[in-house]
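What follows is a single structure, written as structure tokens, with notes after it.
What follows draws every value from the coordinates through simple rules; no lab data is involved. Only a predicted model underlies this, so the values are computations on that prediction, with no experimental measurement involved. Methodologically, a virtual Cβ is constructed for each residue, glycine included, from the backbone with ideal geometry; neighbour enumeration extends over all protein chains shown.
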Amino acid sequence: MADAKTETQSSNQMWGGRFASGPDAIMEEINASIGFDKKLYAQDIRGSMAHATMLAHQGIISTEDRDSIVSGLQTILKEIEDGSFQFSRKLEDIHMNVEARLAALIGPAAGRLHTARSRNDQVALDFRLWVKEELQKTEKMLSALITAFLDRAEEHADTVMPGFTHLQTAQPVTFGHHCMAYVEMFGRDRARVRHAIEHLDESPIGAAALAGTGFPIDRHMTAKALGFREPTRNSIDTVSDRDFALEFLSIAAIAATHLSRLAEEIVIWSTPQFGFIRLSDAFSTGSSIMPQKKNPDAAELVRAKTGRINGSLVALLTVMKGLPLAYSKDMQEDKEQVFDAAENLELAIAAMTGMVRDMTIRTDRMKAAAGSGYSTATDLADWLVREAGLPFRDAHHVTGRAVALAEQKGCELSALSLDELQAINPAITDKVYDVLTVEASVASRTSFGGTAPDNVRQQIAWWRGRN
Ligand code: ARG
């Protein structure tokens, strides 16, 4: 639907030479992309300035025409930014809206701007520039989230909590170590962002419609002016490639999936039953009927946003699937998916960063839970291997009997008496109690990548040097 700023007219002046009548209203509606691709205005204008400058440098247009084109484009940039620009749906997209306004401002010289260029390489350029900037922004936001986790990990390198598998208490870990697991995940997301920036860092402009051009253009010059490493090498691929958008969406989908796992943990941890964290008022809401409630709405919404971001990836993969080379109008459907995913990923990362920074860690609750559920049973088994020379499988069996006895008595492993333990296996001595506490358990996990507090501190230092 046309928005308030969009006017419709009855004939299409852009290719009137061939067309006797204007498009049907429905044709105009299905065809127009201005409603969303106006977001690319700054990239479009920047690209046109670089193109006009190159055309003049190569003697393809005069320097007078270049100057009036560049100053006209500057005026248009101001008009769009101050809101006075009239977008027209009849002019389909951002490229033709800008060019038509340029003609109104500077006259016939505007018609020379499109020499040696097509909207096919123009849109590939604009969109690439936009995605590149978005990736750079995403990289910074992921770094801020990583910093938030590093700070919490440092604060809680010694805080014990239960580690889970199958969401059943498994072995004690430190909260710092758990935080660092997320640092690894978001660190990989950030590495993917950096790779994607490298992949897309090639300039499409000059591929023209699909075959290149006979004009003596200099694609290295425009590539450099627009901050790309080099120009793309194949004009057919250039106008039909949307890998950069697909890479952005797949990175976004994986990052959103990571965020959803964190969101889920926050939802679980903040229940009264777990009580591991308290969310700040700034990132929770109350209930309109139940006065006692504090709901983790932001975490729930982050969890949900993964659905639409993953959906955008599948949508664009499906648009691109089976498209013959080179450009097809199908590809106009790329932008809304990317814009929507980008907006929501930004929100999700920002909300998560705030929640992680602000949440209160309830160390007493974590510690109490860390010791329950026989979480140090593996430590008992390891002790039997180490100190009593039992094969691990036998030690596992002995420990199983100790757990069964503790369960029957309704107590923790460390509350079993030495007599009781020796009745199960006479090799057990009172030294065993040293490993049955959660603190001893985590301190003993010194293998590389393990949960021991000193390890965690080393990992934090390693990441600080890379963040
Ligand atoms: N609005 C179009 C898009 O987003 C621009 C390219 C149109 N090219 C064409 N030959 N119709 O894909």
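Once you charge only the Cβ atoms, +1 for Lys and Arg and -1 for Asp and Glu, what is the size of the charge dipole of the range 76-188 about its Cα centre, to the nearest 20 debye?
About 620 debye.
Full-extension gain between ALA42 and TRP462, please, as 0.36 nm times their residue separation minus the C-alpha to C-alpha distance.
Result for the pair: 147.3 nm of gain on full extension.
Counting only residues 5 or more places away or on other chains, whose amide H sits under 5 Å from the amide H of VAL173 once H atoms are built in the peptide plane?
It is MET161, GLY163, by chain and number.
How far is helix 41-57 tilted off the main Cα axis of the chain, in degrees rounded to 10, range 0 to 90?
With rounding to tens, the tilt is 50 degrees.
What distance in nm separates the two pseudo spin-label positions at ASN31 and THR285, each 7 Å out from Cα along the beta-carbon direction?
Distance between label points: 4.3 nm.
Say the dipole of the range 234-386 comes from +1 at the beta carbon of Lys and Arg and -1 at that of Asp and Glu; which of ALA350, GLN273, PHE283 then lies farthest toward its positive end?
Towards the positive end, the residue furthest out is GLN273.
Measure out, as a whole number of angstrom, how far apart the alpha-carbon centroids of the range 267-328 and the range 110-133 sit.
Computed from Cα coordinates, the inter-centre distance equals 35 Å.
Using 0.36 nm times the number of residues separating SER417 and THR63, minus their current alpha carbon distance, what extension gain do you get?
118.0 nm
Would you calculate the separation in nanometres between label points at GLN273 and ALA181, each defined as 7 Å from the Cα along the Cα-to-beta-carbon direction?
1.9 nm
Apply 1/(1 + (r/R0)^6) to the Cβ-Cβ distance of ARG386 and GLU198, taking R0 = 35 Å, and write down the FRET efficiency to the nearest 0.05. Walk me through the numbers before you get to the answer.
Values: r = 48 Å, r/R0 = 1.38.
That pair, ARG386 with GLU198, gives E of 0.15.
Would you calculate, for the chain, the mean residue ellipticity at 222 nm contributed by helices, counting each DSSP H stretch of 4 or more residues as -39,500 (n - 2.57) and dividing by all residues, to the nearest 500?
Details: 18 runs with 278 residues, N = 467.
When only DSSP H runs of four or more count, the value is -19500 deg cm²/dmol.
Taking 7 Å along the Cα-to-C-beta vector as the label spot, tell me the LYS329-SER84 distance in nanometres, rounded to one decimal.
Distance between label points: 3.4 nm.
Which pairs break 20 Å Cα to Cα here: LYS305/LYS329; LYS38/LYS329; LYS39/LYS305; LYS132/LYS224?
LYS305/LYS329; LYS39/LYS305
Roughly what angle does helix 334-358 make with the longest principal axis of the chain, taking Cα atoms, 0 to 90 degrees, to the nearest 10?
The helix 334-358 is inclined about 40 degrees to the chain.
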